[in-house]
């Protein structure tokens with residue numbers, strides 16, 4: 001199963017506008033996509049949730065005018081799905097978002113995650129609260145490029 005990072009660049013709501021302004025990025029939200037299902041933590045859904053990819057009610061339309069996709073060939077799809085099962089009851093991470101993104105303390109809050117924190121945790125990346133959608137997208141694009149060789 002393939003894993004993709006979906007980065008939201010659509011207009012969205014006031015919170016999306018604020019996140020784009022705060023981070024200086026075109027991205028305000030992110031999802032991990034595995035086998036036609038989006039996984040993330042969402043303010044609108046009050047926490048960790050999954051939604052199918054599609055065009056109907058309750059589905060996420062990943063058309064390119066609203067989303068950019070990064071192919072994560074290095075990511076483990078089973079890990080993402082297992083992490084979702086383990087964190088499905090987590091609420092949205094307002095405390096972690098404030099501590100990590102606004103106060104730069106990078107402190108996770110148990111059972112509460114914001115979108116890029118959840119995605120980073122599901123991917124097994126270190127210091128998950130430190131990522132915004134933009135910085136997570138940059139890291140994932142860099143990892144996808146294969147530039148991991150250590151120069152000597």
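Computed from the coordinates by the stated procedures, all read-outs in this text should not be read as laboratory data. Computed from a predicted model, the values in this text were never measured in an experiment. Don't worry about glycine lacking a Cβ; one is built from the backbone with ideal geometry, like all the others, and counts go over all protein chains shown.
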Distribution of pairwise C-alpha distances over region 30-147, 10 Å bins, in % = 14, 47, 34, 5
query = Where does each of 60, 26, 19 land when they are ranked from fewest to most other beta-carbon atoms within 10 angstrom?
reply = 26, 60, 19
message = Considering only C-alpha atoms, what is the centroid distance from region 72-93 to region 5-68, in Å?
response = 16
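Below 8 Å, C-alpha to C-alpha, sequence gap of six or more: please give me the relative contact order for the chain in percent. Present the calculation step by step, with values, prior to reporting the outcome.
Values: 280 pairs, mean separation 39.2, N = 152.
Over the chain, the number comes to 26 percent.
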inquiry  = I'd like the antiparallel share, as a percent to the nearest 5, of DSSP beta bridges with both residues in the chain.
reply    = 90
inquiry  = So for each of 37-43, 10-16 I average, over its residues, the number of other beta carbons within 10 Å; can you give me the resulting order with the highest mean first?
reply    = 37-43, 10-16
ask   = Taking one equal scatterer on every alpha-carbon of region 76-133, how large is log10 of I(q)/I(0) by Debye at q = 0.16, 0.25 1/Å?
value = -0.42, -0.95
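Kindly provide the helix-only [θ] at 222 nm of the chain, computed as the sum of -39,500 (n - 2.57) over DSSP H runs of four or more divided by all residues, to the nearest 500 deg cm²/dmol?
-8500 deg cm²/dmol
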